[in-house]
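Novice: This is the structure I want to talk about, given as C-alpha cells.
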Amino acid sequence: MTDLLAAANAPGSPQGRFWGLIPCAGVGARAIPPGAPTPDLPKQYHPVAGQPLVLHTLAAFAGVQRLAGTLVAVAPNDHFLDTYRSAAWWHLPCGGATRAETVIGGLKALLARGAAQHDWVLVHDAARCLVTTAQIDHLIDECERDSVGGLLAHKLPDTLKTAVTGANGVRVAATVDRSDKWLAQTPQMFRLGVLLDALVRMGAVATDEASAMEALGHRPKLVPGGAQNFKVTYPDDFALAEAVLTQRGGSATLERFKGKRDAVHPTGNPFF
C-alpha cells in the first residue's frame, strides 16, 4: 500500500516517527443551544470562517513536516470527509462511543498501517481548530526526548472556586489555590504502545490521554500552549473561533490545501 511505503520513508527521529491522530467521532452535544433541534452535522463539520471546523485543525497538522501522517478517526457511516481528501491525512471509520474508544480504535488503525509501538502519536481534539503548526512543532521539540511525553496546557489565569448546590442555588464553597493549576489542552504526545495500554486499562472514563498515562504512574510534561487553543464546546465558542481565524488572516486553511481535494503534503508523501 502506498501509505505503508510513505511511512517507511517518513521523517522521524532516533526516538521514533511522529503520527497525528484526530478523534472526530463525537456529536458535540454541548454545542447545541438549549431547546434547539439536533443539527444535521456534528459540530466538527460546522462552517467556521468559510470552512468546516475540522479543516482548520487539519491545516495546522498538514504544516508539520515531521509527521509521518495524520489519521482522522470518524464514526461508522460518517462520509463527510470523503470529498475533502488530502495527501496530508486520511480518515477511517474507527471511532467509538467515547473519546477513549475512538482513540483506541485510531491507535490500532495506526499500528495496522505500519506505525511502531515505540513511535510517537500526537492526539488532538478535532474541535481545537485554533491550534497552530508552530505550537505542534514546539510540543514535539519539548517531548521527543522525554521519557514519558507531554501535552500542551495553559496555566490557569482566573480565580478558581469550588461550589455547593442546595436549596438556595449554587453557592461558592471555597476558593482554590490556582498557582499549580493548568488547563489541559491538546495535542497530547505519547508513545503509541504505552498509550494504547494505558487507555485499555483505564477504559471509557479516561477524558484525555494524559489522565490514562497518569493512572499508570507517569507524570506527563506540561508544555505551555496558549489561551487561543481552546476547544469549541459551547454555542458562543463558534463566534470566538471565527473572530480569531479572521484576525489571523482567515485563510491559512485554504492556503494549506490550495482549495483542492488533491493537495500535496509538504513532505511529498502520498497517502492515497
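The values are calculated or read from the model by the stated rules, or taken from the named source; none is laboratory data. Note that this is a predicted model, so its numbers are computed, not measured. Glycine gets a Cβ as well: all are built from the backbone with ideal geometry, and neighbour counts include every protein chain shown. Quick note on the areas: whole protein, heavy atoms, side chains included, nothing else; ligands and nucleic acids left out. Shrake-Rupley method; radii C 1.70, N 1.55, O 1.52, S 1.80 Å.
Novice: Say each of Thr207 and Arg85 gets a label point 7 Å from the Cα, pointing the same way as Cα to Cβ; how far apart are those two points in nm?
Specialist: For the pair Thr207/Arg85, the computed spacing is 3.8 nm.
Novice: Considering only the other residues whose Cβ falls under 14 Å of the Cβ of Arg66, what net charge follows from Lys and Arg at +1 and Asp and Glu at -1? It would help to have the intermediate numbers written out before the result.
Specialist: Working: positive: Arg17, Arg145; negative: Asp119, Asp137, Asp141, Glu142, Glu144.
Overall, the nearby charge balance is -3.
Novice: Show me the ranking of peptides 88-96, 219-227 by mean Cβ neighbours inside 10 Å, starting with the highest. Show your work: numbers first, answer last.
Specialist: Values: 88-96: 19.9, 219-227: 16.9.
Sorting 88-96, 219-227 by mean packing, highest first, produces 88-96, 219-227.
Novice: Quick one: check the C-alpha center-to-center distance for the range 124-181 versus the range 84-111, whole angstrom.
Specialist: 24
Novice: Here's another thing I want to ask about it. Using the Cβ atoms and a cut-off under 15 Å, what net charge is assigned to the surroundings of Met189, where Lys and Arg are +1 and Asp and Glu are -1?
Specialist: Numbers: positive: Arg17, Arg66, Arg128, Arg145, Arg191, Arg219, Lys221; negative: Asp119, Asp125, Asp137, Asp141, Glu142, Glu144, Asp146, Asp208, Glu209, Glu214.
It works out to a net charge of -3.
Novice: Then there's this: Tell me whether the range 35-106 comes out rounded, prolate or oblate; compute the Cα gyration tensor, take square roots of the eigenvalues as a ≥ b ≥ c, and use a/c under 1.5 as the rounded threshold.
Specialist: Oblate, because a/c is 1.5 or more while a/b does not exceed b/c.
Novice: Another question about this same structure. What is the range 81-125 by shape, rounded, prolate or oblate, if you read a ≥ b ≥ c off the alpha carbon gyration tensor as root eigenvalues and call it rounded for a/c under 1.5, prolate for a/b larger than b/c, and oblate otherwise? List each step's numbers first, then the result.
Specialist: Numbers: a/c = 1.81, a/b = 1.15, b/c = 1.56.
It comes out oblate by the Cα gyration axes.
Novice: Further, regarding this structure: Under 14 Å from the Cα of Lys108, which aspartates and glutamates turn up, not counting those fewer than eight places away in the same chain?
Specialist: Asp119, Asp197
Novice: Tell me, what % of the accessible area of the range 106-181 is carbon and sulfur with a 1.4 angstrom probe?
Specialist: The value for the range 106-181 is 51 percent carbon and sulfur by accessible area.
Novice: Starting from 0 in steps of 10 Å, tell me what percent of the Cα-Cα pairs of the range 189-253 lands in each bin.
Specialist: Pairs per bin, as whole percents: 18, 32, 26, 23, 1.
Novice: Here is the link list: Lys181/Lys221; Lys43/Lys221; Lys155/Lys221; Lys161/Lys181. Which ones come out longer than 24 Å on Cα distance?
Specialist: On the way: Lys181/Lys221 14 Å; Lys43/Lys221 30 Å; Lys155/Lys221 13 Å; Lys161/Lys181 12 Å.
Correct reply: Lys43/Lys221.
Novice: If we sort 236-243, 124-131, 109-116 on the protection proxy, mean other Cβ atoms within 10 Å, highest first, what's the order?
Specialist: Working: 236-243: 15.9, 124-131: 26.2, 109-116: 18.6.
Going from most to least packed, we get 124-131, 109-116, 236-243.
Novice: Give, as a single signed number, the net charge of other residues whose beta carbon lies under 11 Å from the beta carbon of Asn229, with Lys and Arg counted +1 and Asp and Glu -1.
Specialist: Values: positive: Arg128, Lys231; negative: Asp125.
Summing Lys/Arg as +1 and Asp/Glu as -1 gives +1.
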